[in-house]
Structures are given as C-alpha cells and as structure tokens.
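Take a look at the structure below.
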Amino acid sequence: MAVAIGYHLYVDEAGDDGVDRVRPLDPDGSSEWFVLAGVLVRSHRRGELQGCLQRMKAATGLAPHEMLHFRDLGLEAQRAAIAELAAFRAGLVVVASNKRNMRRYRNRRVEAKNMEVNSQGRSRPQSYNYFYNGLLRYMLETVSAEANRWNKAAGTPNLGVYTTVSYRKGFNISQTKAYLHKLKVARHGPGYFNSKRQITWATLSPSDLEMTRAKAEPALQIADCVASAVYRALDEDRFGTVRPELLEIMAPRLLRPALTMSPEAYGFKLLPDGFKGPASADQRRGLQAVGIFL
C-alpha cells in the first residue's frame, strides 16, 4: 500500500566505502571513515530548505547559481556554511563508520551466487553495495521512527518519508529497493538483522526512494555539507588534522529521541557498535559533541 508523503529526506555521503585496503593500515588505501548523512524536513517546508541553501551560499561567498561543494571551501567558509545550516530548523541524521574492522571483508557466499562478466570478459562478483545499503538501513530506522513521532505529535495520519539519495557511479537503486523490500517482508525479530531497532514501515515504503544528481535536486548540496563536515571532523588528513568544531556546530540539529537526550545512537549512529578507537584527542572532542565518550 502506498504511503502518503509528508516528509522528505535528502542523503549524501563522504569518504569512500572500499574495504579492500583501508587507511592508515594501508597507506594507499581508501578512507578510514565513511559517512552517510541525511537532512529531514516536512514536505511543506522544502521551499524553506532552498532558502537555507541560498543563505549558506551567501555566507561562503558563492553566487546563487553556483554549486555548493563543501570540500572546495576554506575552513572559515565551511564553518560559516554549517553555522547557517544549524540556524535552520531541520532534522539531521548521520551514520559514521570506522572501517578498520572491515578491512578485506568479503561475503563470499553471496558473491558465489551473483557473478557477472566484465568488459574484459572476466567473471567477477556483482556489486550490490551491501555496505552502503546497510548504513542506509540504520539511517532509515531513525528517520522512519522520527516521522512516526512527528505524526503522533501533530495528530496526523501515517504520513511517510520520500528519500532522495545523491547519485553514485555504478550504484543500482533498484537493488536498494529490493533490499528494503526484503527487510519489510521478512518475518524475523530485530536480532536477525543485527539491529536493536527496525524500520517503522508505517511511515516508509521501499518504493519511495530515488537517486538523482545534486544539480537536479539542490537540497542534496545541503546533505553533502553535513556528510563532509562530519567526515572532516573524524577522518584525519595527511597532516593528521581533523576539525571537531564542525561537528560541534551542527550537533544541536541532530535528531534525538527526546529533547533532553543526546543524539548518540539515534541522530548520530557510530559503527562498529562498541567502537573504542584508536582516536585522537580532537576526534574524541568531535564525538563528545554528539554524546559519545570513548
């Protein structure tokens, strides 16, 4: 059954999800951290979100027609953009994964059942984006629960969430929809999927999901800023530097299960569960802003 849409979620990422080689264990490996971030607003406030984007551009010295790419900004401009976003009433949700424990992980059982022939005529496992989809599931657990909570507070029917994810090369959105459909129809307890929670399906349909480019959907530029800011707060650059103040500035806008509670494990999900480091003093400072103390 279709769900009437009352909320929109815009999702982007920062870092990369490769696990064959991972920094700093492998100097030439992929990023140590992978971040998925979302911006949740009520449907009738999407126009206001566009206004927020224009204010973010103005704060960073960009013209209204220019694209906002967070990583291309200087540090002061990055701070200004996040401060402008923090002043806007939207719900932010983040899933941040430290990939050290996933280094060289492969699901060989699934690979054996899903092979394809590449352009060189060689057989290889199909790319099903399991890592990305797993993080998206964690995000949708929070978002669907939050939509359900907003519905109850407003006395509205089960208005649902429409999710727009930023374009990823080689990504098949139909596979993500199939994955979500499997989660919905499977009759298992929460422990079966290694999760303390499940998606609240009354407010989310697997079909209400699309992938598009930030140029076509400007709100994705805001999601990029959230993901990239968290990434800069956690993933060390080549000088070992991070920017915890970026996470501190946006922390008040992260979703939380109650106003008096921290966003930890709700608006900000840290993976793997029980992560204890290693982490520098500045990385710990950023995580403390969201209620995580290593």
| task | Return a yes/no flag: does the stretch 38-49 have any residue that is more than 30 Å from ASP235 (Cα to Cα), buried (at least 18 other Cβ atoms within 10 Å of the Cβ) and at pLDDT below 95. | result | no
| message | Regarding the stretch 250-257, can at least one residue be identified that is more than 19 Å from the chain's Cα centre (by Cα), at pLDDT below 95 and part of a loop (DSSP other than H, G, I, E, B)? | response | no
| request: Quick one: LEU53 ticks every box in (1) in contact (Cβ under 8 Å) with a residue 40 or more places away in the chain; (2) closer than 20 Å to GLU245 by Cα; (3) buried (at least 17 other Cβ atoms within 10 Å of the Cβ) except a single one, so which number is it? | output: (2)
| request: Return yes when PRO64 is modelled with pLDDT under 95, out of contact with any Leu (no Cβ under 7 Å at 6 or more places or on another chain) and farther than 23 Å from GLY267 by Cβ and no when it is not. | output: no
| Can you tell me how many residues in the stretch 214-223 are surrounded by 24 or more Cβ atoms within 10 Å (Cβ to Cβ) and either within 11 Å of the chain's Cα centre (by Cα) or of a type in the set (Asp, Glu) (or both)? | 1
| note | Among (1) surrounded by fewer than 16 Cβ atoms within 10 Å (Cβ to Cβ); (2) more than 27 Å from ALA4 (Cβ to Cβ), LYS182 falls short only on (2)
| query | What residue, among those in the stretch 125-170 that are among the small types (Gly, Ala, Ser) and assigned to a loop (DSSP other than H, G, I, E, B), is surrounded by the most Cβ atoms within 10 Å (Cβ to Cβ)? | reply | SER127
| task | Give the residues of the stretch 253-290 that are within 25 Å of GLY240 (Cβ to Cβ) and of a type in the set (Gly, Ala, Ser), sorted by residue number. | result | GLY274, GLY277, ALA279, SER280, ALA281, GLY286, ALA289
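Which of the residues belonging to the stretch 79-106 are farther than 25 Å from GLY47 by Cβ, touching a helix residue (DSSP H, G or I) at 6+ places or on another chain (Cβ under 9 Å) and of a type outside the set (Val, Ile, Thr)?
Answer for the stretch 79-106, where residues must be farther than 25 Å from GLY47 by Cβ, touching a helix residue (DSSP H, G or I) at 6+ places or on another chain (Cβ under 9 Å) and of a type outside the set (Val, Ile, Thr): ARG79, ALA96, SER97, ASN98, LYS99, MET102, TYR105.
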| Has the stretch 30-42 got any residue that is assigned to a loop (DSSP other than H, G, I, E, B) and hydrophobic (A, V, I, L, M, F, W, C)? | no
| remark: Result of the Cβ filter at 6 Å on the stretch 18-39, keeping first residues that are closer than 30 Å to ARG89 by Cβ and partners that are aromatic (Phe, Trp, Tyr) and crowded, with 18+ Cβ neighbours inside 10 Å, at least 6 apart or interchain, is VAL35/TYR231; VAL39/TYR10
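The values are calculated or read from the model by the stated rules, or taken from the named source; none is laboratory data. Model, not experiment: these values are computed from the prediction. Quick reminder, even Gly has a Cβ in these numbers, built from the backbone with ideal geometry, and neighbours come from all protein chains shown.
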